[in-house]
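First comes the structure, then the notes that go with it.
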Amino acid sequence: GEPGLGLVTLTLTGINDLGAPVSATLQTAADGTYLFNGLRPSNAGGYTITETQPSGINNFPGVTGTHVGTSGGTPNLDQIASIVLGSGVNSISNDFREDASIFANGVVYLDANDDGIRQASEVGIAGVAVTLTASGGGRCADGTTACVATTAADGTFNFGGLSAGTYTLTETQPIMYEDARETAGSAGGTVNNATFGSLPSQNQISNIVLAAGTPGVGYLFGDLPGIRASVSGRVWINTATTGTKNAFDPGDTPLAGWIVEVVFNGAVLASTTTGTDGTYLINTVAPNYNYTVQFRNPASGLIWGGPVVNGGDGVANPASIDGITVPSGGNVVGLDLPIDPSGVVYDAVTRAPVAGAVVTITGPTGFVPADVIGGSATQTTGADGLYQFFLNPIAPSGTYTLSVTPPAGYLSGVSVLIPPTAGPLPIGPLPNPHPIQVQDSPPTGNQATLYYLSFGLSAASGNVINNHIPVDPVASGSIVMTKTTPLINVAKGDMVPYTLTATNVMATASSGLGVRDQIPPGFKYRVGSATLNGIALEPTVNARMLTWGNLVFAANEKK
């Protein structure tokens, strides 16, 4: 009951007993038989018969498909080697056994009238992945139990070289299309047309039983045009003591200009910025895919942690909201970032937030920047002065220290006007979050100015918030300037040497300062004549204004 395969190409090679090479090729007869006739005896190495594997036909695993004949030999995949022929000897029953070839095919198409039947006018959808999984002895052409085909330009897919068994076809829902009806083909199968969506169970044809030599054809995956969907939410300063925690209340401060990104498979598909009320809307999302939403600080460009899901779809993780599946034409709402700031860098005199301050965190042995959400151990503050270091759960336990490099116009080092409290402050699991100051903005009036620069943290620690850090501005009179010249009377055309002396009268360093000199009317600076402490240093010249910028003054230093 097992028919032979005709027109299969076989090649015989080897060396005969006279030392001459032998090579002969033939094709099997209609019943699968073949005969290499008129051969001389072989040498000691014997002859080799090699089968050209027929298209669409499966091999048996390993060498189980080759049967050595009466003269012996060595079985290989599609080959019998070392067939030693003596004089007058016939070697018979050198057989190649093939797995009964089966194939399954079908079409992914746009089912315009949603009836599960493909009309001639209904076009195929190219580039769609269809996965075939096997059980019950089934096997793909490569011997595995799972294989993938991608639909051609006309939407067709084909799996050849299958063995008898039970199969499931699963469509990966194509972007910008909605799931519609599946239709089983010639070998039957089970479909789920009761519910529709992007889940594998809603895009499958299962229980396809293929018998030996019996193909399964005409399996259909219908889809409908998808309507672009949207995601929306808000970014705001999360009030720690009033209102509803992690929900936007009238007393909360919305944050404008924050960057919101929709990510799919690691790539940013769309982004926008929050409006003046802190809200955002991205309405260019293709439906039925699992997306991630993440938020970036506009000043540093770094991802900020602590997002929440307020009534929408998705799972909130430390750095993002994941698993967002947007239905066709739908809007997933409440993908929010309520910010509990680690703190605000502010002016110790005016109490206003300070932009351009660089805040750095260092940690115990083993700490690396990747332990921080956003992947950076430094952050530059924006106009709101905000900074946030949100540690991943895998960050090592120990002492973490903050330092601030102020922008120009501020003294370097720790604030003298409002010094920090000695640390490290141990942070336990409760309260969570752990506020250092009550308010989420710089202290004003009689509000406490308590803050720390070091903390004892572990994976169980609560989230430290409202640790507002002051920086001291360069005060009036902190740099004393004098200008002298050894000449009293000069004539037109004379060279006039003079000296500027700048002295830091404070016991703290000051960085990012500029010395500016305005020369009198009728005078002109001689290019190349300026020095700083005896070393040439050219100023920036703007008419009569000379400027030496970005200078650092040590405590009590004179330049």
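The values are calculated or read from the model by the stated rules, or taken from the named source; none is laboratory data. Keep in mind the model is a prediction, meaning the values are calculated, not measured. Cβ sites come from the backbone with ideal geometry, for glycine too, and all protein chains shown count toward neighbours. Keep in mind that these areas ignore ligands, DNA and RNA; they rest on the heavy atoms of the full protein, side chains included. Shrake-Rupley method; radii C 1.70, N 1.55, O 1.52, S 1.80 Å.
Look at PHE367 and say whether it is closer than 23 Å to ILE339 by Cβ and aromatic (Phe, Trp, Tyr).
Answer is no for this residue.
On the basis of being at pLDDT below 95, of a type in the set (S, T, N, Q), open to solvent by 30 Å² or more (accessible area, probe 1.4 Å) and part of a loop (DSSP other than H, G, I, E, B), does THR365 make the cut? Can you show your working first?
Values: at pLDDT below 95: no; of a type in the set (S, T, N, Q): yes; open to solvent by 30 Å² or more (accessible area, probe 1.4 Å): yes; part of a loop (DSSP other than H, G, I, E, B): yes.
No: the conditions fail for THR365.
I'd like the full set of residues that are touching a residue at least 60 places away in the same chain (Cβ under 8 Å) and either aromatic (Phe, Trp, Tyr) or not in a strand (DSSP E or B) (or both), limited to segment 508-526.
Residues satisfying the conditions are THR508, ALA509.
I'm trying to understand the selection: among the residues of segment 395-404, which are open to solvent by 40 Å² or more (accessible area, probe 1.4 Å) and either more than 26 Å from ILE479 (Cβ to Cβ) or modelled with pLDDT under 95 (or both)?
Matches in segment 395-404: SER397, THR399, THR401.
Of all residues in segment 435-474, which are of a type outside the set (Gly, Ala, Ser), without any contact (Cβ under 8 Å) to a residue 60 or more places away in the chain, assigned to a strand (DSSP E or B) and surrounded by fewer than 20 Cβ atoms within 10 Å (Cβ to Cβ)?
Residue satisfying the conditions is TYR452 alone.
Scan segment 268-276 and give yes if some residue there is surrounded by fewer than 23 Cβ atoms within 10 Å (Cβ to Cβ), within 21 Å of VAL464 (Cα to Cα) and among the polar types (S, T, N, Q), otherwise no.
no
Of all the strands (runs of 3 or more DSSP E) wholly in segment 23-120, which have at least 3 residues that are modelled with pLDDT of 90 or more and over 47 Å from the mean Cα position of the chain (by Cα)?
Because the criterion is at least 3 residues that are modelled with pLDDT of 90 or more and over 47 Å from the mean Cα position of the chain (by Cα), the strands (runs of 3 or more DSSP E) in segment 23-120 that meet it are 47-51, 79-83.
Can you find even one residue in segment 103-121 that is open to solvent by 70 Å² or more (accessible area, probe 1.4 Å), over 23 Å from ASP179 (Cβ atoms), touching a strand residue (DSSP E or B) at 6+ places or on another chain (Cβ under 8 Å) and not small (Gly, Ala, Ser)?
Within segment 103-121, one or more residues are open to solvent by 70 Å² or more (accessible area, probe 1.4 Å), over 23 Å from ASP179 (Cβ atoms), touching a strand residue (DSSP E or B) at 6+ places or on another chain (Cβ under 8 Å) and not small (Gly, Ala, Ser).
Residue by residue through segment 179-204, note down the ones that are open to solvent by less than 60 Å² (accessible area, probe 1.4 Å) and under 32 Å from the mean Cα position of the chain (by Cα).
Selection gives ASP179, ALA180, GLY197, SER198, GLN202, ASN203, GLN204.
List pairs: first residue in segment 486-506 and under 30 Å from ALA555 (Cβ atoms), second residue part of a strand (DSSP E or B) and among the basic types (Lys, Arg) anywhere in the structure, Cβ distance under 7 angstrom, at least six positions apart or on different chains.
From segment 486-506, the pairs are TYR498/LYS483; LEU500/LYS483; THR501/LYS558; THR503/LYS558.
Given the criterion touching a strand residue (DSSP E or B) at 6+ places or on another chain (Cβ under 6 Å), among the small types (Gly, Ala, Ser) and under 30 Å from TYR410 (Cα atoms), identify the matching residue among SER328, SER376, SER342.
Going through SER328, SER376, SER342 in turn, just one is touching a strand residue (DSSP E or B) at 6+ places or on another chain (Cβ under 6 Å), among the small types (Gly, Ala, Ser) and under 30 Å from TYR410 (Cα atoms): SER342.
Pull up segment 415-434, narrow it to residues that are within 23 Å of PRO353 (Cα to Cα), part of a loop (DSSP other than H, G, I, E, B) and of a type outside the set (A, V, I, L, M), then point me to the one that is least open to solvent (accessible area, probe 1.4 Å).
SER415
Run down VAL349, VAL354 and say which single residue is of a type outside the set (Gly, Ala, Ser), at pLDDT 95 or above and over 21 Å from the mean Cα position of the chain (by Cα).
Being of a type outside the set (Gly, Ala, Ser), at pLDDT 95 or above and over 21 Å from the mean Cα position of the chain (by Cα) holds for just one of VAL349, VAL354, which is VAL354.
I need a count of the residues in segment 286-315 that are among the aliphatic types (A, V, I, L, M), buried (at least 18 other Cβ atoms within 10 Å of the Cβ) and not in a loop (DSSP other than H, G, I, E, B).
Residues meeting the conditions: 4.
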